[in-house]
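The values are calculated or read from the model by the stated rules, or taken from the named source; none is laboratory data. Note that the structure is predicted; figures quoted are calculated from it, not measured. Note that we place each Cβ from the backbone using ideal geometry, even for glycine, and neighbour counts take in every protein chain shown. Calculation scope for accessible area: heavy atoms of the full protein, side chains included, ligands and nucleic acids excluded. Shrake-Rupley method; radii C 1.70, N 1.55, O 1.52, S 1.80 Å.
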Amino acid sequence: MRTDLSTFNVGNYKAGPGWKVFTWYFVNYYIFNSALPWPYSFKRKLLQLFGAKVGKGLVIKTKVRIKNPWRLEIGDHCWIGESVWIDNLEDVSIGDHVCLSQGVLLLTGNHDYTLPDFPYRLGKIKIEDGAWIGAESVVCPGVTCSSHAILTVNSVATKNMEAWQIYSGNPASFVRKRNMK
């Protein structure tokens, strides 16, 4: 048996209504993925208009990509850094006071490499209150980053991260407890 990408199809996956997906493509490209510093409040309202649940105090920098805002929930006082990519084929839930540093990738989709047609393998991502995802890090499908967990710079979370713990590496592993003064 060999991989045969000519047989790939999305199965029963549907991003959303065609008009919404089409319209969002342009809004995402010209507003969110732009280098222009559009006001945070404007971006927040656009996300809500497209079905995202967004709390107050959102800071969302330039060059951010969001695949499907209708599959996104963001709590209060969150920071989303430059060049963050929320590739949410599946639901992404971000709690209050969460920081996604520059270049973070939240990846809800992958492929099943054990099957020749390489079908989607999707998983929801949950990032709980007070968590910090360091620059250029990746959170993989199905991962929960528990309350106040930290994923250090350039790390890859392939498994759930426990509360108040710091993780590092690829794949990320426990380093030490997080202490706050």
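Using the basic label-point model (7 angstrom from Cα toward the beta carbon), what is the Met180 to Thr114 distance in nanometres?
4.0
May I ask you to evaluate 6.51 cos²θ - 1.76 cosθ + 1.60, the Karplus curve with θ = phi - 60°, for each residue of segment 99-116 and list the ³J(HN,Hα) values in order in whole Hz, giving x for glycine and proline?
Those phi angles translate into 10, 9, 6, 3, x, 5, 10, 9, 10, 8, x, 8, 10, 7, 6, 7, 10, x Hz.
Per residue, how much accessible area does segment 16-77 show when a 1.4 Å probe rolls over the protein heavy atoms, in square angstrom?
Solvent-accessible surface per residue comes out at 56 Å².
Tell me the relative contact order for segment 1-83 as a rounded percent, counting alpha carbon contacts under 8 Å between residues six or more apart. It would help to have the intermediate numbers written out before the result.
Details: 101 pairs, mean separation 22.2, N = 83.
Relative CO of segment 1-83 lands at 27 percent.
Less than 12 Å Cβ to Cβ from Ser83, Lys/Arg counted +1 and Asp/Glu -1: what total charge do the surrounding residues give? Working shown, then result.
On the way: positive: Lys61, Lys63, Arg65; negative: Glu82, Glu136.
Local charge sum for Ser83: +1.
For the chain, what is the Kirkwood estimate of the hydrodynamic radius, computed as the reciprocal of the mean inverse distance between distinct Cα atoms, to one decimal in Å?
For the chain, inverting the mean 1/r across all distinct Cα pairs yields 16.8 Å.
Output the relative contact order of segment 21-130, whole-number percent, from Cα pairs under 8 angstrom with separation of 6+ residues.
20
Between beta-carbons, use under 14 Å as the cut-off and find the net charge around Lys63, counting Lys and Arg +1, Asp and Glu -1.
Values: positive: Lys43, Lys61, Arg65; negative: Glu82, Glu136.
With Lys, Arg at +1 and Asp, Glu at -1, the neighbours total +1.
Return the equivalent ellipsoid semi-axes of segment 54-125 as a descending list in whole Å, where each equals the square root of 5 times an eigenvalue of the C-alpha gyration tensor.
Sorted largest first and rounded, they come to 26, 13, 9 Å.
Taking Lys43 as the anchor, which lysines have their alpha carbon closer than 18 Å to its alpha carbon, excluding any fewer than eight residues away along the same chain?
In chain and number order, the partners are Lys20, Lys53, Lys56, Lys61, Lys63, Lys67.
Under a 1.4 angstrom probe, counting protein chains only, how are Trp85, Trp70, Trp24 ranked by accessible area, largest first?
Details: Trp85 75, Trp70 55, Trp24 5 Å².
Putting Trp85, Trp70, Trp24 in descending order of accessible area: Trp85, Trp70, Trp24.
Report the equivalent ellipsoid semi-axes for segment 35-83 in whole Å, largest first, defined as the square roots of five times the eigenvalues of the gyration tensor built from alpha carbon atoms.
15, 12, 10
Return, ordered by residue number, the residues of segment 91-117 whose backbone nitrogen is under 20 Å from a label point located 7 Å along Cα→Cβ of Val153.
Those under the cut-off are 99-106.
Semi-axes of segment 12-105's equivalent ellipsoid from the Cα gyration tensor, sqrt of 5 times each eigenvalue, largest first, rounded to whole Å?
Its equivalent ellipsoid spans semi-axes of 19, 15, 12 Å.
Can you tell me the FRET efficiency between Lys14 and Lys45 if r is taken as the Cβ-Cβ distance and R0 is 22 Å, rounded to the nearest 0.05? It would help to have the intermediate numbers written out before the result.
Values: r = 26 Å, r/R0 = 1.17.
Rounded to the nearest 0.05, the efficiency is 0.30.
Which value, in Å² rounded to 10, gives the accessible area of Glu82 with a 1.4 Å probe and all protein chains present?
We get 90 Å² for Glu82.
Any chance you could list P(r) for segment 1-53, counting all Cα-Cα pairs in 5 angstrom bins from zero, rounded to whole %?
Percent of pairs per bin, in order: 4, 15, 19, 18, 12, 10, 8, 8, 5, 2, 0.
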